Amino acid sequence: MKLKTYISIILILVSSGIASAQIKFEAKLSKTKLGVNERLRVDFEMNKDGDNFNPPNFQDFTVIGGPNQSVSQSWMNGVRSFSKTYSYFLAPKRQGKFTIGQASIEIDGETYKTVPVAVEITGAVQRPNDPDNAVAVADDNIHLVAEISKTNPYLNEAITVVYKLYVSPNTGVSNWREIDNPKFNSFWSQNIDMKGMKVENGTYNGEEYRYVVLRKTVLYPQKTGKLEIEPLSLDLTVEVPTNRRDIFGGRLMTQVHKTVSAGSKTINVKPLPEHGKPEDFTGAVGDFNFKVTTSKTNLNATESLQATVQVSGNGNLKLFQLPKLTLPSSLEVYEPEHAENVRTDLNGMQGSISDDYTIVPQFKGKYPIQSITFSYFDLRTETYKTISSGDIVIDVLEGPTNNSTSDNNFAASGNNGKQQVVMNDNQFAFVKSDPNLTSIKPDYFFKTNLFWASLLTPLLLIPLAIVLRKKKDERDADVYGNKIRKADKLAKKYLGEAKKALGQKEAFYIALEKALHNYLKAKLHIETSELSKERISTLLSQKGVDAATIAEFNSILKNCELARYTPITNVEMQNDYEKAAKTISVIDKELN
């Protein structure tokens, strides 16, 4: 009886040991059913450390936080327990039933994947009527507003959209990002560059607020009728006060995530009046000046001059065509070079546009450049105006005489400057009458040097292939070396991915952190679980790396951990990338 009892105990211990040795990697949801205005937390949990974690594509959600990493280890009765979790915070994009896809990770050289999990998104959930609820406080104290300068403009009349974020005095915003950007369909649009964001005091619905201007955009409607301006939406981390206080009596703050939208706006675009519209009108709307100038009016034949057609003023300068010059045929003219000197601010486009013509006269005489007109719609008087350039006469003082009467009758005949084509008697002189053909003798391949080389080369390559195969087998058998080479390859891969992701904060710092970790694994021959700052510093110091270099490397790792959750500019990301590449190079040189 005792023997059976001992055997049972041993079997239980063995089975429990086997079960504990099994690797688990699973996805857990904070809830499987939630409202479209709520947040979902997804945890990817494993019981053994791994490398190269790849999350699923959250295509039906907006990632508003994460990945956040947490690691816990414990020892109980001599048994080690380990847990590592990657957490994401998601905001649903729409209602429906969706699936969180598979995540993957490499553990001990094998790839593990989670099981897809389903989640149901319902309509918006009514928030609690608790005045101290953090979400309720955030809703009442954060507002995104789109201010439009004019809601009934004419076609091609400039309007501005200014987006302002209003925040009450007792509330703060620690982080924000755009999740829905207006496309401005049916508009010509340009964002106005803003140098920094200045916090200003103002009022919203009669109450005191602080606000910042997030974006300024100039729009020129390209269609008439009712046009929709799509909303700008932001995801915010809002800091709101609570009823709890610290030891000094100060009120403690809590953070909540919130999505705000400026809402869509509709404007009614009026067509330009048909009454009084000039025939040469090409769509210019604003207040303009027009002129045609030449660099000189007296010159000799074969010399060149510049003729400039220019429109300047305030209006849709980039959205219409300049009138064309009409010139006599004896004035050789080249295609014009278009130039724009236009700046855009809240008043719309201002500056000038021009076409520069290079003109070369061929014969002596006087040649008129006929007056041309430019028409535009004046918004102040709501009428059409036409400006005439005036006639310009080009006096060619010296050169051959033109016997053709076409130029003399240019103004009357209206031949648009076309010259008569004169045929040449020897126009086919380039065709050879004697082809000098020679016969081609057949060239045989059999028993030539190339024939014997093609026959013997494969036989000579057999020993080389055997040697290469042997080297490859030795390399494949080198498990330790392959592991180092793989880590080194991954470091280069992720450093390259970080460079490609410059400007995308989340992707950039994830790739940069992976590159640094794989570099250390390759150079210091350590595992992921040993990647603590103290362990890294000790090993690098033992390898002869300077203390300042070690501190720089650790600071980059710290930046990777913190930067994903704080506002970062493109310049700062570029600096972190250059600093990482430089520090890796320095460590390579200093390692013994």
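Values in this text are rule-based calculations from the coordinates and carry no lab data. Bear in mind that the values here come from a model prediction, so they are computed numbers and not experimental data. Quick reminder, even Gly has a Cβ in these numbers, built from the backbone with ideal geometry, and neighbours come from all protein chains shown.
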Inset, instruction - Between LYS471 and THR302, take the C-beta separation as r, use R0 = 60 Å, and let me know the FRET efficiency to the nearest 0.05. - result: 0.25
Legend entry - Distance (nanometres) between label positions extended 7 Å along Cα→Cβ at PHE82 and GLN59: 3.5 nm
Inset, instruction - Excluding residues fewer than 8 places away in the same chain, name every one of the aspartates and glutamates whose C-alpha is closer than 18 Å to that of LYS499. - result: ASP488, GLU513, GLU561, GLU572, ASP576, GLU578
Inset, instruction - Specify whether the C-alpha gyration tensor of region 24-122 places it in the rounded, prolate or oblate class, a ≥ b ≥ c being the square roots of the eigenvalues: rounded for a/c under 1.5, otherwise prolate if a/b is larger than b/c and oblate if not. - result: prolate
Legend entry - Simple spin-label estimate for SER72 and ASN205 in nanometres, 7 Å along Cα-Cβ: 4.2 nm
Legend entry - Cα-projected label distance for THR259 with ASP43, points at 7 Å along beta-carbon direction, nm: 2.5 nm
Legend entry - Net charge contributed by nearby residues that have their C-beta within less than 15 Å of GLU45 (K/R +1, D/E -1): +3
Inset, instruction - Between beta-carbons, use under 9 Å as the cut-off and find the net charge around SER375, counting Lys and Arg +1, Asp and Glu -1. - result: 0
Inset, instruction - Report, in whole Å, the centroid distance computed from the Cα atoms of region 189-209 and region 570-592. - result: 38 Å
Legend entry - Sum of side-chain charges, SER30 neighbourhood, beta-carbon under 12 Å (Lys, Arg +1; Asp, Glu -1): +3
Legend entry - Projected area averaged over orientations for region 286-413, convex hull of C-alpha atoms, nm²: 8.5 nm²
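For each pair in LYS33/LYS514; LYS183/LYS226; LYS97/LYS216, compute the distance between the two Cα atoms and list the pairs where it is over 27 Å.
The answer is LYS33/LYS514; LYS97/LYS216.
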Legend entry - Net length gained if the chain between VAL360 and ARG343 were fully extended (0.36 nm per residue, minus Cα distance): 2.8 nm
Legend entry - At R0 = 60 Å, FRET efficiency that the Cβ-Cβ distance of LYS579 and LYS270 yields, to 0.05: 0.60
Inset, instruction - Please list 337-343, 230-236, 219-225, 290-296 highest first by mean number of surrounding beta-carbon atoms within 10 Å per residue. - result: 230-236, 219-225, 290-296, 337-343
